[in-house]
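Written out below as structure tokens is the structure these notes cover.
FYI, it's all coordinate maths here, none of it is from the lab. In this text the structure is predicted, and so the values were computed from the model without any measurement. All Cβ positions, glycine included, derive from the backbone under ideal geometry; neighbour counts span all protein chains shown.
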Amino acid sequence: MSHPFSVDLAIDGHIHTRLCRHAEGAMEDYVKAALDAGLRKIIFLEHLEVDIHSRRQSWLDPDDFAEYFRQGRRLQKKYRGRLKIGIGVEAGYNPQAIEDLQHTLARYPWDTIGLSYHFYPMAGMHYTMVGRNREHISALQARGLDRVAEDYFRGLIQALDHITCDKICHLDAVMRHVPAFQLNGHHLDLIDTLLERMRTKGVALEVNTAGFAIRGQPHPCSQITKRAIQLAIPLVVGSDAHHPAQVGRFFERLPHWFQSMFSRS
Ligand SMILES: [Zn+2]
Ligand SMILES: [Zn+2]
């Protein structure tokens with residue numbers, strides 16, 4: 001049985017800028033790239049993290065967000081009629097700073113809130129679960145990747161109870177830079193619970209095309225995306241661009257990817 005669903009490939013809903021300190025290019029560079037790519041709309045989704053202790057900052061400060069909104073508003077006016085521009089946030093969950101995150105989110109008029117879970121707490125420090133930093137990966141391997149992934153999915157389920165959001169970003173990106181790591185049955189059960197909560201709350205699932213560069217298919221994988229479609233969870237697409245050339249990356253592969261998801265079974 002096929003499941004009807006729609007996904008708008010003319011919107012890139014996940015764009016970073018140099019304001020987050022690990023992406024290249026000013027906001028306007030991404031706008032120009034989106035016009036070149038023939039997109040109708042982009043949503044900037046810059047990194048917000050609260051109370052994360054890491055040697056390197058990879059998110060925006062309050063002052064950065066002020067500049068982010070100033071620039072965003074200016075570009076919305078300048079490109080009106082040519083490109084719709086949303087000013088959103090990729091909110092990093094921190095189970096130890098829930099209220100702080102809620103308050104920070106409430107301070108700004110976001111067009112879209114994407115929920116992610118990036119950092120794992122251990123012994124007073126935080127380690128990225130989605131990055132390629134070898135030191136962080138080793139520390140998480142010492143903890144046990146199955147357990148880290150379990151905590152990651154449990155964290156996202158818990159986050160949905162506390163953080164109002166529009167979508168879950170790169171849902172299965174946990175330990176994505178450890179090719180040997182695979183989700184087990186317990187993880188898949190937790191993902192089912194997570195998807196059920198998303199459906200109840202009307203939270204969309206992001207199909208994050210950065211995954212094509214890492215492992216040949218988006219985040220989440222076809223198995224999880226198919227399950228979401230069966231649950232009638234809305235899908236939105238995002239490139240997770242950290243360079244203007246990455247705006248709308250791999251979107252052209254998606255129609256075939258969606259098709260094969262249903263023809264295989
Ligand atoms: Zn980033
Ligand atoms: Zn992210």
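When restricted to Cα atoms, segment 83-194 yields an Rg and a Dmax of 14.7, 47 Å, respectively. Proximity of backbone amide H atoms, modeled 1.01 Å from N, is registered between Gln57 and no other residue at under 5 Å, excluding neighbours fewer than 5 places apart on the same chain.
Top mean-square fluctuation among Lys167, Lys77, Lys201, Gaussian network model of the chain, C-alpha springs under 10 Å? Highest fluctuation among the options: Lys77. Calculated on C-alpha atoms, the gyration radius of the chain divided by its Kirkwood radius gives an Rg/Rh of 0.94. Other residues lying with their Cβ under 13 Å from the Cβ of Val89 contribute a combined charge of -4, Lys and Arg counting +1, Asp and Glu -1.
Taking a Cβ cut-off of under 11 Å around Asp111, the surrounding Lys, Arg, Asp and Glu residues balance to a net charge of +1, with basic ones at +1 and acidic ones at -1. For a paramagnetic label modelled on Ser222 (point 7 Å from Cα along Cα→Cβ), amide N atoms under 11 Å away belong, within segment 237-265, to 256-265.
The alpha carbon centroids of segment 37-113 and segment 203-265 are separated by 22 Å. Counted over the chain, the DSSP beta bridges are approximately 15% antiparallel. Using a Förster distance of 51 Å, how high is the FRET efficiency between Met122 and Lys78, based on the Cβ-Cβ distance and rounded to 0.05? Step by step, r from the Cβ atoms, then E = 0.70. Non-local lysine pairs in segment 11-263, meaning eight or more places apart or on different chains, with alpha-carbon distances under 25 Å, amount to 13.
Once the C-beta distance of His256 and Ala232 is scaled by a Förster radius of 22 Å, the resulting FRET efficiency is 0.45 to the nearest 0.05.
Just checking the listed ones, Thr17, Thr209, Thr164: in the Gaussian network model of the chain with Cα springs under 10 Å, the one fluctuating most is Thr164.
Residues Phe5, Phe250 in ascending order of nearby Cβ atoms (within 10 Å, fewest first): Phe5, Phe250. For the chain, the dipole from Cβ point charges (+1 on Lys and Arg, -1 on Asp and Glu) about the Cα centre works out to 760 debye, to the nearest 20.
Using the Karplus relation 6.51 cos²θ - 1.76 cosθ + 1.60 with θ = phi - 60°, the per-residue 3J(HN,Hα) values for segment 203-218 come to 8, 7, 9, 7, 9, 9, 6, 4, x, 4, 6, 8, 8, x, 8, x Hz, with x marking Gly and Pro. The HN-Hα couplings worked out from phi for segment 65-70 by the Karplus form 6.51 cos²θ - 1.76 cosθ + 1.60 (θ = phi - 60°) are 5, 4, 5, 4, 5, 4 Hz, whole numbers, x standing for Gly and Pro.
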